[in-house]
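Participant: Sending over a structure as structure tokens; questions will come in a sec.
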Amino acid sequence: SAVISQKPSRDICQRGTSLTIQCQVDSQVTMMFWYRQQPGQSLTLIATANQGSEATYESGFVIDKFPISRPNLTFSTLTVSNMSPEDSSIYLCSVEGKNTDTQYFGPGTRLTVL
Amino acid sequence: DAKTTQPPSMDCAEGRAANLPCNHSTISGNEYVYWYRQIHSQGPQYIIHGLKNNETNEMASLIITEDRKSSTLILPHATLRDTAVYYCIVRVAKGFGNEKLTFGTGTRLTIIP
């Protein structure tokens with residue numbers, strides 16, 4: 001399985017600011033995803049990060065609020081923009097390789113917005 | 001919406017086999033059953049997956065009924081470290097469409113000493 005790291009692991013931010021979360025994989029992968037897990041809830045897919053093109057967003061998530069970059073096959077960023085306390089969640093990236101049919105998850109970024 | 005139904009919680013004695021059920025009555029022929037677990041807000045950990053045959057790896061066994069409408073994840077000798085939320089997920093096979101994972105509410109498994 002791939003080794004996935006996320007930065008930062010946690011942060012406390014003020015409302016109205018933005019935070020960029022990084023996801024780094026130790027090998028090239030075809031698919032990268034970003035999920036959100038609100039307190040006490042299950043995981044919800046935000047978007048699929050596409051290499052070389054715009055991310056594909058799920059219903060209820062928009063690019064202006066959650067801009068995503070994926071400059072290459074091992075790295076992606078998710079920005080949480082103009083944050084409010086409702087954005088307090090764990091944000092997780094996951095990856096899937098070309099020759100596998102299994103997604104692996106990073107450790108997550110715990111965000112608290114005051 | 002998640003395509004699976006799981007009991008919200010279960011207890012199991014340490015050292016015994018933990019059997020976690022999952023119903024997926026609307027599963028399609030090209031959809032796999034995946035199991036993940038999440039320990040105390042860490043990133044979900046992949047456990048096992050299968051299409052129609054039973055599967056076993058170093059972590060668990062997956063038993064899928066012949067009609068594929070339900071499955072059971074078996075942890076053969078549960079330890080305290082197996083306490084987690086277990087998610088049963090149905091996902092289309094690679095190359096057949098949107099291969100995203102849709103998480104339901106899962107089963108909170110508590111291993112009792």
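The values are calculated or read from the model by the stated rules, or taken from the named source; none is laboratory data. Given the structure is predicted, the values throughout are model-derived calculations rather than measurements. Counting neighbours? That spans all protein chains shown, and the Cβs are built from the backbone with ideal geometry, glycine included.
Participant: Filter the range B:6-36 down to residues that are within 14 Å of chain A (Cβ to nearest Cβ), in a loop (DSSP other than H, G, I, E, B) and modelled with pLDDT under 95, then give me how many there are.
Facilitator: Qualifying residue count for the region: 1.
Participant: Suppose we filter the range A:75-86 for residues that are surrounded by fewer than 18 Cβ atoms within 10 Å (Cβ to Cβ) and in a loop (DSSP other than H, G, I, E, B); how many remain?
Facilitator: Of the residues in that region, 3 qualify.
Participant: Do we have A:D87 as more than 25 Å from B:R91 (Cβ to Cβ), charged (D, E, K, R) and in contact with a strand residue (DSSP E or B) (Cβ under 7 Å, 6 or more places away or on another chain) here?
Facilitator: Yes; evaluated as a whole, the condition is true for this residue.
Participant: State which residue is farthest from the other protein chains (Cβ to nearest Cβ) when the search covers only the range A:87-114 and only residues that are closer than 17 Å to A:I21 by Cα and not in a strand (DSSP E or B).
Facilitator: Applying the filter and picking the extreme gives A:D87.
Participant: So A:E54 clears everything in (1) buried (at least 16 other Cβ atoms within 10 Å of the Cβ); (2) modelled with pLDDT under 95 except one condition, right? Which one?
Facilitator: (1)
Participant: (1) surrounded by fewer than 21 Cβ atoms within 10 Å (Cβ to Cβ); (2) facing chain A (nearest Cβ under 10 Å); (3) without any contact (Cβ under 8 Å) to a residue 24 or more places away in the chain: which one isn't true of B:G43, the others all being true?
Facilitator: For B:G43, the exception is condition (1).
Participant: How about the range A:18-64: which of its residues are farther than 30 Å from B:Q6 by Cα, under 11 Å from the mean Cα position of the chain (by Cα) and β-branched (V, I, T)?
Facilitator: A:T20, A:I21
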